[in-house]
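Colleague: To start, I am sharing the structure in question, which I have written as structure tokens.
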Amino acid sequence: MKSSEIRKQFLDYFASKGHTVVASSSLVPHEDPTLLFTNAGMNQFKDVFLGFDKRPYTRAASSQKCVRAGGKHNDLENVGYTARHHTFFEMLGNFSFGDYFKRDAIKYAWELLTEVFKLPKEKLYVTVYAEDDEAYDIWTREMGLAAERVIRIGDNKGARYASDNFWMMGDTGPCGPCTEIFYDHGEHIPGGLPGTPEEDGDRYIEIWNNVFMQFNRDEQGVMHPLPKPSVDTGMGLERISAVLQGVHANYEIDLFQALIKAAARETHCADLDSPSLKVLADHIRACSFLIADGIIPGNEGRGYVLRRIIRRAIRHGYKLGARAAFFHKMVVDLVSEMGDAYPELKENQARVTDVLKQEEERFFATIEHGMAILEAELAEMAGKDNRTFNGETAFKLHDTYGFPLDLTQDVCREQGVGVDAAAFDAAMAHQKEQARAAGKFKMAANLEYDGPATVFHGYDKLEAKGKVLALYKDG
Ligand code: ATP
Ligand code: MG
Ligand code: MG
Ligand code: MG
């Protein structure tokens, strides 16, 4: 089954259960400056859960464009390293606004997976929030799952493992216990069940999260019951497609194979298993959809995140041998894969191609020089068995050659080398201080001048200043 058919089957199934199919919202959150990019299907319904907004329906389903490349949900560093993480992905979701609750949500999920999609039950495992006896009982008594298939997971306060079955919209907002469904891709793949130290492997892959929205957490951490208990679910289309197409990694599904071939064509790479091709296939989606939704590469905020993703993509192309703009030539392939489901992509095809091409030409003007410096330093370090890349050089690469810190880190990581980020920050602070002093010098004596923010350091820095509150916590 093609991923486009899986998307349709999901939406048709929930439509047949009285759900209104709602179009994906933009990747740029509507009137929500606290959120970097749309990162879950429920974003567009946030106010409905809180009781501030009313819709003509109490059940909805959607296939939502999501980007997790910043804020608390940042999977950028996972891309190319895990079988299951993308920067851009589609989240299939069904929602109940004070309509059905735990029992029906679980029934629908189980019926869709085992009867419509016909997944073998012995391949599925489930987690529930440790204290949620109700969900545990529904799974074991009503759905008939054996006790060893239903794993209780706490709220991970001790942060021992990554799993967390209490889902929160960041520090404040709607939250509640959740139950997640995992698929066992087979014992030949390293990894353990959720709640074990090996869970970060890719054997048992989380496919679907069902959140029982029950509380609104305030700034003091007090939980107030929501007007009505609700349901919010999310299933990655790429992950369920991998399962249904009988492959392990998301990159092996139909849609990604087409993009990987396009990346190979543009970079003249003969090795279709090259991790760089996967990164390119991932990044062309994030970049094109972000531009289609109105973001342009820049030095601040969302535009800087986009710039960082584009430059990472270019660097991977460069690694494969590309020496001139190539990335934008993948847009046409993306449009033919996804343009029907997302017409905004088709409508903006020319602009997306143009914006990417311009950004590429800009970076291709400096990348060769920058890479030469980077590689020379790495070669010298290898001779001395030094595993920490000089932070001042990283800053110079940033400042002079347009290498965002995370790009340098990405290159270094491939060699098992870390970057001295503290020294990078210090060099940045020093430069700002100099700019400030220069600014003051020009100003009238007692006028305080705070200096221009010459370089933007990425969203993480903004976040640290408390300007951006990520609404979603990972898990
Ligand atoms: P993981 O533990 O694998 O990182 P998650 O717990 O962070 O996933 P949720 O926040 O529960 O994910 O999101 C709901 C669903 O969205 C997941 O069950 C998964 O199918 C999908 N999903 C989440 N993050 C990604 C991603 N980066 N790329 C592709 N699909 C994703
Ligand atoms: Mg995650
Ligand atoms: Mg989850
Ligand atoms: Mg998870």
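Colleague: With the requirement that a residue be exposed (fewer than 13 other Cβ atoms within 10 Å of the Cβ) and not charged (D, E, K, R), what does segment 217-240 give you?
Modeller: Listed by number, the residues that qualify are 220, 221, 222, 224, 225.
Colleague: I would also like to ask the following. Among the listed residues 241, 230, identify the single one that is part of a helix (DSSP H, G or I) and either over 26 Å from residue 107 (Cα atoms) or in contact (Cβ under 8 Å) with a residue 40 or more places away in the chain (or both).
Modeller: The match here is 241.
Colleague: Next up: Out of 201, 195, I need the residue that is out of contact with any helix residue (DSSP H, G or I) (no Cβ under 8 Å at 6 or more places or on another chain) and within 15 Å of ligand 3 (Cβ to nearest atom). Which one? Working first, answer last.
Modeller: Details: 201 fails: within 15 Å of ligand 3 (Cβ to nearest atom).
Within the list 201, 195, the selection yields 195.
Colleague: Anything in segment 73-89 that is over 15 Å from residue 286 (Cα atoms) and more than 13 Å from ligand 4 (Cβ to nearest atom)? List them, or say none.
Modeller: If the condition is that a residue be over 15 Å from residue 286 (Cα atoms) and more than 13 Å from ligand 4 (Cβ to nearest atom), then 81, 83 are the ones that fit.
Colleague: May I ask you to list the residues in segment 71-85 that are part of a loop (DSSP other than H, G, I, E, B) and within 11 Å of ligand 2 (Cβ to nearest atom)?
Modeller: 72, 75, 82, 84, 85
Colleague: On the basis of being closer than 30 Å to residue 60 by Cα and touching a residue at least 40 places away in the same chain (Cβ under 8 Å), does residue 279 make the cut?
Modeller: no
Colleague: Residues of segment 275-298 being buried (at least 24 other Cβ atoms within 10 Å of the Cβ) and in contact with a Ser or Thr (Cβ under 7 Å, 6 or more places away or on another chain), which ones?
Modeller: Residues satisfying the conditions are 282, 283, 286.
Colleague: Residues of segment 337-349 being assigned to a helix (DSSP H, G or I) and either without any contact (Cβ under 8 Å) to a residue 60 or more places away in the chain or closer than 21 Å to residue 409 by Cβ (or both), which ones?
Modeller: Restricting attention to segment 337-349, the residues satisfying the condition of being assigned to a helix (DSSP H, G or I) are 337-338, 343-347, 349.
Passing the criteria: 343, 344, 345, 346, 347, 349.
Colleague: Would it be correct to say that residue 109 is more than 16 Å from ligand 3 (Cβ to nearest atom) and either surrounded by fewer than 23 Cβ atoms within 10 Å (Cβ to Cβ) or touching a residue at least 40 places away in the same chain (Cβ under 8 Å) (or both)?
Modeller: No; evaluated as a whole, the condition is false for this residue.
Colleague: Next up: Name the one entry in 393, 400 that is at pLDDT 90 or above, surrounded by 12 or more Cβ atoms within 10 Å (Cβ to Cβ) and more than 22 Å from residue 317 (Cβ to Cβ).
Modeller: Of 393, 400, the one residue that is at pLDDT 90 or above, surrounded by 12 or more Cβ atoms within 10 Å (Cβ to Cβ) and more than 22 Å from residue 317 (Cβ to Cβ) is 393.
Every residue, every condition in (1) in a helix (DSSP H, G or I); (2) free of Cβ contacts under 8 Å to residues at least 40 places away in the same chain, yes or no:
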{"residue": "351", "(1), (2)": "yes, no"}
{"residue": "367", "(1), (2)": "yes, no"}
{"residue": "371", "(1), (2)": "yes, no"}
{"residue": "377", "(1), (2)": "yes, yes"}
{"residue": "381", "(1), (2)": "yes, yes"}
{"residue": "386", "(1), (2)": "no, yes"}
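Colleague: Here's a follow-up. Could you identify the single residue in 132, 171, 137, 184 that is at pLDDT below 90 and acidic (Asp, Glu)?
Modeller: Testing whether each residue is at pLDDT below 90 and acidic (Asp, Glu) leaves just 171.
Colleague: In this structure, does residue 117 turn out to be within 13 Å of ligand 3 (Cβ to nearest atom) and either within 24 Å of residue 95 (Cβ to Cβ) or of a type in the set (S, T, N, Q) (or both)?
Modeller: Working: within 13 Å of ligand 3 (Cβ to nearest atom): no; either within 24 Å of residue 95 (Cβ to Cβ) or of a type in the set (S, T, N, Q) (or both): yes.
Spelling it out, it is not the case that residue 117 is within 13 Å of ligand 3 (Cβ to nearest atom) and either within 24 Å of residue 95 (Cβ to Cβ) or of a type in the set (S, T, N, Q) (or both).
Colleague: Being of a type in the set (D, E, K, R) and crowded, with 20+ Cβ neighbours inside 10 Å is true for just one of 121, 46. Which residue is that?
Modeller: From the options 121, 46, the qualifying one is 46.
Colleague: Inspect segment 264-285 for any residue being aliphatic (A, V, I, L, M), under 30 Å from residue 347 (Cα atoms), within 23 Å of the chain's Cα centre (by Cα) and part of a loop (DSSP other than H, G, I, E, B) and give the result as yes or no.
Modeller: No.
Colleague: Out of segment 162-214, which residues are part of a loop (DSSP other than H, G, I, E, B), away from ligand 2 (no atom under 16 Å from the Cβ) and buried (at least 16 other Cβ atoms within 10 Å of the Cβ)?
Modeller: Step one: filter segment 162-214 for residues part of a loop (DSSP other than H, G, I, E, B), giving 162-165, 169-172, 185-203.
Within this subset, residues satisfying the condition of being away from ligand 2 (no atom under 16 Å from the Cβ) are 171-172, 185-190, 192-193, 196-198, 203.
172, 185, 193, 203, listed by residue number.
The values are calculated or read from the model by the stated rules, or taken from the named source; none is laboratory data. Values in this document were obtained by computation on a predicted structure and should not be read as measured data. Neighbour counts are summed over all protein chains in view; Cβ atoms, including those assigned to glycine, are modelled from backbone coordinates with ideal geometry.
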